[in-house]
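Working notes, structure below.
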Amino acid sequence: MDKMTLKGMRFFGYHGVFPEENRLGQQFYVDLSLQMDLSAAAATDELDHTINYADIHALVKTIVEGPPYKLIEALAGKIATGVLDAYTSVNDVTVSVTKPHPPFEIHFDGVTVELCRKRDEHGETRPARL
């Protein structure tokens, strides 16, 4: 299976458990890895045979900059479901959401949640094994 990866997308959102996070907002980083067949795009050099990554970016931006979630796990889940619902040619999606500056009195580079989802034989979304 072929793969398309979008790395280091940055958005400003209002996700978090604490009221200050919902009021002040912060940056979130998102990486996506999409498993799909890219053979037609490779053979034809036609955009119609792939997914326009600008469209994927716009979808993720709408989700991250949209209504807030308490947990980045829920945010990552919404992104995974949104991608699989919008693009039937995507078989599996791996979503990483990083909150680089959680509101804790500790020093580290952030916290990242990674979810893997795939379509089953009935077209339903389910967790994928890593």
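The values are calculated or read from the model by the stated rules, or taken from the named source; none is laboratory data. Note that the structure is a prediction, hence the values are computed from the model and not measured. Positions of Cβ are backbone-derived with ideal geometry, glycine not excepted, and every protein chain shown enters the neighbour counts. Each accessible area value is taken on the protein alone, full model and side chains, heavy atoms only, with ligands, DNA and RNA left out. Shrake-Rupley method; radii C 1.70, N 1.55, O 1.52, S 1.80 Å.
Structure values in brief
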read-out	value
Residue check, Ala74 assigned to a helix (DSSP H, G or I), open to solvent by 80 Å² or more (accessible area, probe 1.4 Å) and touching a His at 6+ places or on another chain (Cβ under 9 Å)	no
In the stretch 20-64, the residues that are of a type in the set (D, E, K, R), in contact (Cβ under 8 Å) with a residue 40 or more places away in the chain and either open to solvent by 80 Å² or more (accessible area, probe 1.4 Å) or assigned to a strand (DSSP E or B) (or both)	Glu20, Asp31, Asp37, Lys61
Residue match in the stretch 109-127 (condition: free of Cβ contacts under 8 Å to residues at least 12 places away in the same chain and not in a loop (DSSP other than H, G, I, E, B))	yes
Residue ID - nearest to Gly16 (Cα to Cα), chosen from residues in the stretch 82-101 that are free of Cβ contacts under 8 Å to residues at least 60 places away in the same chain and not in a strand (DSSP E or B)	Gly82
